[in-house]
Ligand SMILES: [Zn+2]
């Protein structure tokens, strides 16, 4: 199965400083892991820059303009919230990160790839319509979903999110749209505080799986198997987009869900099975969090391996 890998060196130029967990080495380590000989078959593509029109699929024009107007001088940073900032290289990095997600949708819809992985940073799932937060400025997964409808006329698009944090931004952007589906497993309570099971969207099109700290593999798998996967199956997506964060790993310093690397292979396989039944196996995956570099590299590599059906 041909799988495309979209990335761009500009994503490394988003400089968060020496002590920030969302650091360029995260992406370096993921790309290094994908240099293993098993990944030779990947179709390696340079991510294009997202257009303003693509950003505006999920964000109001005034917000897009305000973010793109921030151009710090070399060595300067501009904070958008306590842990979300822009450096001189951020502008280019953000555009390539979103461009990768959009191009990944085009790759699977054009049919030259069966699945596509956007290896990018910064992540996007906390970015709401008009608010940067939680390391995120624009929401790549939500933009990819809306692009699938805008350009490819897909009516039902699902975004599933196994990052350990609730994708409040993705939910915020998609929850009022009955043709869009969002499912998330996440530690609860935890940052950003949203994602209670009672948050269900306008048409039961949002499924939240709050997991207690310390939950572990079994609770994670039971929640997906028992609740979210049947709902995803019933939704019958025409395209499946994954917000692939790897910070629920037991080694991750930012949360305490204690997954094993193998759990990421399991969830990838389960999602592919749904995609095979409903959308010809078409899957787009976008890198979100993951802050222990070894665990991130191993988990992302396993995820991509399974996308390649290895
Ligand atoms: Zn996260």
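Between residue 56 and residue 310, the distance separating the two model label sites (each 7 Å from Cα on the Cα→Cβ line) works out to 4.2 nm.
Compute the Rg to Rh ratio over segment 139-253 from the alpha carbon atoms, using the Kirkwood formula for Rh, and round to two decimal places.
On the way: Rg = 13.5 Å, Rh = 14.1 Å.
A ratio of 0.96.
Kirkwood Rh, Cα Rg: Rg to Rh for the chain?
Using Cα coordinates only, the ratio equals 0.93.
Find how many whole Å separate the alpha carbon centroid of segment 53-125 from the alpha carbon centroid of segment 244-310. A separation of 21 Å, based on Cα centres.
Taking all pairs of distinct Cα atoms, average 1/r, flip it, and tell me the Kirkwood hydrodynamic radius of segment 32-126 in Å to one decimal place.
Numbers: mean 1/r = 0.0664 Å⁻¹.
About 15.1 Å, per the Kirkwood formula over Cα pairs.
Note on the chain: helix-only mean residue ellipticity at 222 nm, from DSSP H runs of 4+ residues weighted -39500 (n - 2.57) and normalised by residue number, equals -10500 deg cm²/dmol. Based on alpha-carbon centroids, what's the gap between segment 1-26 and segment 153-202 in Å, whole number please? Between the Cα centre of segment 1-26 and that of segment 153-202, the gap is 24 Å.
A short reminder: the numbers here are calculations on the coordinates, not readings from a lab. Small disclaimer: the values here were computed from a predicted structure and weren't measured. Please note: Cβ atoms are built from the backbone with ideal geometry, for glycine as well, and neighbour counts cover all protein chains shown.
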